[in-house]
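Structure, as structure tokens:
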Amino acid sequence: MSSIVPAAAVIDAAPPLVRRAPAALKRTMDVALAVPLLALALPVIALAAVAIRLADCGPAFYSQVRLGRDGRPFRLWKLRTMVPNAERVLARRLTADDAVKAEWAATCKLADDPRILPGIGHMLRRYAIDEVPQLWNVLRGDLSLVGPRPLPPYHLNALDAGTRTLRRGVRPGLTGLWQVARRDRSLGEMARLDAAYVRSWTPLLDVWLLLRTIVVLSGGRHCL
């Protein structure tokens, strides 16, 4: 896929998160918070997994290869919220509807996604429960609690080269500035806000974004 997003990020010589000391502090914060959060989340994950198996005969968990810091691939874990033949379902919808195809080309997302499991899938996504297993990715060091979202290769390739370079220098996150502050779903807006986060990172910004994520999700607006 050719780049569909104009240049949106100006790379600083040394944004805070690229430097060793801030990155180490951020990692310490991640581990200190992720350990108790994962312990509290285990019963929720177990109940959700049972609900998925009751609604659909497929596996309860789903993993997808994403690209992390320095372009290293890793497996991102989720509770499964899509039908087993999701890619075929998506392909059929894109072929049948030009408006849906244009929406996918602009955002790599669909507001009315035909792949999502009826009922349980929408509920898990609405409150981002499907993303909770990624606390394990945080403990492994694949993710940070806060940062640019890890993208699949097709999504990443839609961004301009400057934005991709900026992202390679930091650990991706479970939530982030775009997720809680976005005014539109465009890739250009995501690139702009991700660049702003990397350039202006402070520990207090991460705390604010985590608190803001809780507020957004408590209102039932999926932001992850």
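Probe radius 1.4 Å, ligands and nucleic acids ignored: give me the carbon and sulfur share of the accessible area of the chain as a rounded percent. Intermediate results must be reported in sequence, preceding the final value.
Details: 7100 of 11150 Å².
Result for the chain: 64 percent of the exposed heavy-atom area is carbon or sulfur.
Quick one: work out Rg over Rh on the C-alpha atoms of the stretch 126-224, Rh as Kirkwood radius. Intermediate results must be reported in sequence, preceding the final value.
Numbers: Rg = 12.9 Å, Rh = 13.7 Å.
The Rg/Rh ratio comes out at 0.94.
Rounded to the nearest whole Å², what accessible area per residue is found for the stretch 113-224 with the 1.4 Å probe?
Details: 4310 Å² over 112 residues.
Roughly 38 Å² per residue, with all protein chains present.
Report, please, the projected area of the stretch 32-119 averaged over directions, based on the convex hull of its C-alpha atoms, in nm². Don't skip to the end; give the middle numbers.
Numbers: hull surface 31.7 nm².
Its average projected convex-hull area is 7.9 nm².
Go from 0 up to the bin containing the longest alpha carbon distance in the chain, width 5 Å each, and give me the % of pairs per bin.
Distribution as computed: 1, 7, 14, 18, 20, 18, 12, 7, 3, 1, 0 percent.
Loop only per DSSP, at most 11 neighbouring Cβ atoms within 10 Å: give me the trypsin sites (Lys or Arg not before Pro) in the stretch 57-119, ordered by residue number. It would help to have the intermediate numbers written out before the result.
On the way: sites: ARG66, ARG69, ARG75, LYS78, ARG80, ARG88, ARG92, ARG93, LYS101, LYS109, ARG115; in loops: ARG80, LYS109, ARG115.
Here the trypsin sites (Lys or Arg not before Pro) that fit, given the DSSP loop and packing criteria, are LYS109.
Tell me, in nm to one decimal, what length is gained between SER186 and TRP104 on full extension, where the rule is 0.36 nm per residue of separation less the Cα-Cα distance?
Numbers: separation 82, 0.36 × 82 = 29.52 nm, distance 1.02 nm.
Working it through step by step, the gained length comes to 28.5 nm.
May I ask for the equivalent-ellipsoid semi-axes of the stretch 67-157, computed as the square root of five times each C-alpha gyration tensor eigenvalue and listed largest first in whole Å? The partial results should precede the final answer.
Working: eigenvalues 128, 61, 24 Å².
They are 25, 17, 11 Å, listed from largest to smallest.
Among VAL50, VAL35, VAL198, which one moves the most in a GNM of the chain with springs linking Cα atoms closer than 10 Å?
VAL50
Would you mind telling me which residue in TYR197, TYR62, TYR154 has the biggest mean-square fluctuation in a Gaussian network model of the chain, where springs connect alpha carbons within a distance under 10 angstrom?
Most flexible of the set in this elastic network: TYR154.
So which helices of the chain fit the span-like rule, where a helix is a whole DSSP H run, its Cα atoms reach 27 Å or more along the axis, and its mean Kyte-Doolittle is at least -0.5? If you can, show how the numbers build up before the last one.
Details: long enough: 20-55 (47 Å, 1.48).
Flagged H segments are 20-55.
By average Cβ neighbour count within 10 Å, what is the ranking of 164-173, 208-217 from highest down? Don't skip to the answer; put the middle values down first.
On the way: 164-173: 21.0, 208-217: 15.8.
In descending order of packing, they fall as 164-173, 208-217.
The values are calculated or read from the model by the stated rules, or taken from the named source; none is laboratory data. Fair warning: this is a prediction, and the values are worked out from it, not measured in the lab. Every residue, glycine among them, receives a Cβ derived from its backbone with ideal geometry; neighbour counts consider all protein chains shown. Just the protein is used for accessible areas: all its heavy atoms, side chains included, with ligands, DNA and RNA removed. Shrake-Rupley method; radii C 1.70, N 1.55, O 1.52, S 1.80 Å.
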